[in-house]
Amino acid sequence: MATIEIEIDDEKIHQLLQGDRGMAVLLEPILNQVLQAEMTEHLKAEPGEETDDRRGYRNGSYERQLTTRVGRIDLEVPRDREGTFQTALFQRYQRSEKALVLTLMQMVVQGVSTSRVKEITTELCGREFLKSTVSRLTEDLEEQVQAWAERPLKQEYPFLMLDAMQLKVRRQKAVRSTTAMLAVGISEDGQREILGLEMAFGETEEGWRRFIRQLKERGLSGVELATSDAHEGLKRALQEAFPGLIWQRCQSHFRRNVLDQTPASYRDQMHEVLDQILEASTQERARTRLDDLREKLEEKAPSALRVLEDGFYDATAVLALPEKYRKRLRTTNMLERFIQEIRRREKVIRIFPNIDSAYRLVGALCAETHEEWSTGRRYLNMDEYFQWRADRSDEQALSEEASLNGKQTAQPTTVPA
C-alpha cells in the first residue's frame, strides 16, 4: 500500500482557521491527494515517471462532489486513458453517510422529526427531499446492505465474537428498545470479518439461536472458540450450534462483575488479584493462584470471591489456546469498539423512525467496516493455531487408540472345555 505525504497550503490553513467551513476545508485537500495516490498505485508510476511496471497513463480528471457530515467537498477525480481506474473512496465513504442521511430524511418525511433534524438534513445534503427521492435512495442502499448480509461464508472461522446493542426505535406508536445482534469472525486466513447482523425485539435465547442458525446456513463452520458476555441464552445457543466449542466469557465484563461486588476500599488490590489470575500461563496455575488468595478474599471481599469462583473456568477458557492468541480473544473489546462507532453515528438520530432505518444504518456501517477489515492487514497469523489443532487431534487419536487397546486386553478369554 502506498504511503501518502499530505500537504496543505497556507491559504487552506487560513480558511480553516478563519472561515466557517471548518473541517471540510481540511478534508478536501487530503481526499484529493488520496485520489492521486490511488491512481499512482493503479498505474504503478508517478506522473511523468517511466517504470517497467507502468500499466497506463493519466488522462486529466473530472469534478465530483462528496457530501459529508462536515459539508460538501469538491474533488478532482483522476482518469486514465484506458478508463480502468476506479476509486473505492466514494463507495466506501458514502455508504454509511447515505444511511445516516436517509434516516434523517425519513424522519422529516414521516413527520416525526423536529425542525433541528430538518436543519441537519439540509446541511448534510444541501436541499430537502421528496418522498420519491427517499424511496429511490432507500432501495439502492437496501440492495447493498442485503448483498453484504446474505453473502456466503466460504472459509472456516476458528474464532468468533458476539455482542448486542440496544437502539431506540419507534414501533407500535411508542419508542421501544430494539436489539441489534452482531457477530465478528476471524477466518482461517487470519482476517477479521463482520459476519452478520440481526435485529430483534429483545436479547433472548431464541433470538440468538435464530441468528446463529442463519450464520450456519450461510456457511459458518470450523468455530473453535467463541467470546461473548455471560448471557445464558447466547451461551446455550452457541453450545447447541457448535458442540465441543470452547466458550470464553469476556474478561472485561467478568472483571466489572467481580469489581461491582468488591468493597471500594479493596478495589485497587482486586485489580491486582484479577491480573494475577487471568494472566496466568495455564488454567491450572490460575486455579492455584486463586486458591492461594482465597483466605484473604474471604476476609476482604466475600461476595466478589463468589462471583470469581462461579465464573473462573469460563473466564480462563482462552488459556487452552497458544499464548499469542489469548490477548485478542479473551475479551469482546474489538466488537465493543465497533459498537462505539455505531453509537457515534446513532447520536445524530437518537430515535430511529422504524426498524428498517435502524437496520440500514447499522448494516451500512457493518458492510463498510467489513470491507475495510477483510481487505486490510491480517489480524492474526494462524499458523501456530493450526499446529496446535493438529497436535491436539493427534493426542486425541492416541488416547482413543489406548482406550480401545485397553478394552480389548480386558476381554475375558474363553477356555475350551
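Remark on Arg171: its backbone amide H falls under 5 Å from those of Arg176, a criterion applied only to residues 5 or more positions apart or on other chains, H modelled at 1.01 Å from N. I want the local charge near Leu278. Using Cβ-Cβ distances under 10 Å, sum +1 for each Lys or Arg and -1 for each Asp or Glu among the other residues. Local charge sum for Leu278: +2. Remark on Ile351: its backbone amide H falls under 5 Å from none of the residues 5 or more positions apart or on other chains, H modelled at 1.01 Å from N. For segment 254-259, the Karplus equation 6.51 cos²θ - 1.76 cosθ + 1.60, evaluated at θ = phi - 60°, returns couplings of 4, 4, 4, 4, 5, 5 Hz by residue, with Gly and Pro reported as x.
Amide H to amide H, with H built 1.01 Å from N, Glu224 comes under 5 Å of Phe159, counting only residues 5 or more places away or on other chains.
The simple Förster model, with R0 at 22 Å and r as the Cβ-Cβ distance, assigns Arg389 and Arg285 a FRET efficiency of 0.45. What you get for segment 257-338, charging only the Cβ of Lys and Arg (+1) and of Asp and Glu (-1), is a dipole of about 400 debye around the Cα centre. The 3J(HN,Hα) values that the Karplus relation (6.51, -1.76, 1.60; θ = phi - 60°) gives for segment 325-338 are, in residue order, 9, 5, 4, 7, 10, 7, 9, 9, 4, 4, 6, 4, 5, 5 Hz. Gly and Pro appear as x. Whole-Hz Karplus values for segment 180-196 come out as 10, 9, 10, 9, 10, x, 10, 6, 5, 7, x, 8, 7, 9, 8, 7, x Hz, taken residue by residue from phi with 6.51 cos²θ - 1.76 cosθ + 1.60 and θ = phi - 60°; glycine and proline positions read x.
Rule-based calculations on the coordinates, nothing more; no lab input. Keep in mind that this is a model prediction, so the values were computed, not measured. In this analysis, Cβ positions are derived from the backbone assuming ideal geometry, glycine residues included, and neighbour counts consider all displayed protein chains.
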